[in-house]
Amino acid sequence: MERPFEFMEQSGSLTPLPTSLPLRSRREGLNGYKGSWISTTPVLPGVWKRKEGGHVVRRRVNDPKTGRQTEIWKVLVDLTAPEALVWLDQEVDQVRRGERSVPMPKQPFASYAVSLLKQKVAAGDIKSKAGIENWETTLSRLIRGSLGDFFVEAIEPRDVVRWRSEQAKLIQLGKYAPATINTDLAVLKVILKHAKIELGLRSNAAEDIAGFDLSQHPTYSREEPNSLTAAELRDFLAQVRADFPQHYAMTYCGFATGLRPSSLRPLRRTGVTPDVLWNEGKLLIRRSHTRGDVEMIGTKTGGDDEISVPEELMDVLRWHVETQLRPGPQRESELMFPSEVGGYRSPSSLDKPFAAVTRAIELKKRITPRAMRRSFQDLCRTAEVKDVVARSICGHATEAMTVRYSSVSNQEQVKGLARMIRLMDRSPQAKPAAPIGPGGEGRSSSGEGSGEGRSSSGEGRP
């Protein structure tokens, strides 16, 4: 039986055939594909007559931009066969001259985002296991949202605005914190920025979308600063040593240096490249550990830090090695603070001890391991340690990060204002100047202005 028309499947298509096709044809496995019924032979080179009208053009051509053979395929409903051939030849010439490449099939946002994460991990842009897991968690939220069903090339600013409105409702319901959604938005901007470059998009659809205001959702407050005063810290450390001696040295070191737990866990006390230089009294901060058995070279800010520490801290570290490391895996481990099996401690290893100590000394605020870093900043100011020195110890890259981890106390404010007021007020006993007399003299009754009546202890001292 002669078949003047046959079905041609369009590459990468996924939409239903026109309902005008015979029912029998739709039952022959053609449903679910975008295509056309065309003549069995071309009417002109690369041009086929289309059953529904018009023509279909198709030709393979080498793309000099990719070095691969690609296909030009298009339905031209309103063109005659010669006109369709002219259109096809022009497209082929443009591709061969490198003036344009045949568009790649559109990519769903979900698959593109996952692919980008794999690229970043392979390139070393995301190194830590925690960083990878954070990206995976963020992508799962983005993909579950309205953007997950879009082609990445088709996402427009209004789509991102709609997604943001959806997230605002979830924030109001208490399902997510604003900071969480701001993180999602930041990752979305990275994805669409990469797509703009890689896929030649006109713009980054999320570039101008603002994050959520965090002022009404503070992480720390006056009641919950997650920081200890000097007096509270003394009680806290004493309780840690009494109840959790195995964690005392790491806790002491954390409060004394403000180092991140991720920088403390991989410290090596022995081995080919030790980080504790016992004879020199120094700590080398050049490794980082987040989760699992993966250790990264370098700190979170990218460089290596060297801290010269006082003998008091070195004595605590020696005490830890001599009394707290058990024979076997702990003693054999090179780590300063090994787990019971000699490996890295868990990122949550201090959570329960801190909670128990907080209850034991009846603190009225919540204290977590992050309090070590925050308390360090506050105590440095109390001890009048210069900011540049404090940053060199704890590893803050900028002054802004130091401010972020600080909680100014009432005492600091009072002392600061008192020093400033002493500069304003020459003497707390000073009297208002006397009115100018008939002779034009404006000298006060205390003789001020001629050098009389000044305190013998010095001008301006209370």
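Rule-based calculations on the coordinates, nothing more; no lab input. These numbers come from a predicted model, not from an experiment.
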Handout entry: Rounded to whole Hz, the Karplus (6.51, -1.76, 1.60) HN-Hα couplings of the stretch 348-356, x for glycine and proline
Key = 9, 5, 9, 4, 5, x, 5, 5, 5
Practice task
Based on a Kirkwood Rh over C-alpha pairs, give the Stokes-Einstein translational diffusion coefficient of the stretch 211-302 at 4 °C and viscosity 1.567 mPa s in µm²/s.
Solution key: 82 µm²/s
Handout entry: Amide H within-cut-off set for Tyr176, under 5 Å, with H built and near neighbours excluded
Key = Ile171
Handout entry: Overall dimensions of the stretch 76-153 as given by Cα atoms, namely Rg and Dmax in Å
Key = 20.2, 61
Handout entry: For the stretch 184-253, fraction of C-alpha pairs farther apart than 16 Å, in %
Key = 69 percent
Problem - More than 24 Å apart - percent of Cα-Cα pairs taken over the stretch 230-404 - result: 34 percent
Completion exercise
Scoring the stretch 230-404 by relative contact order with C-alpha pairs under 8 Å, at least six apart, yields a percentage of 27 percent
Fill in the blank from the handout: Spelling it out for Arg268: with amide H atoms placed in the peptide plane at 1.01 Å from N, the residues 5 or more places away or on another chain with amide H under 5 Å from its amide H are Asp275, Val276, Met336
Problem - Where N is the number of residues in the stretch 109-199, Cα Rg divided by 2.2 N^0.38 Å - result: 1.07
Practice task
Could you check how many percent of all C-alpha pairs in the stretch 126-260 are farther apart than 20 Å?
Solution key: 61 percent
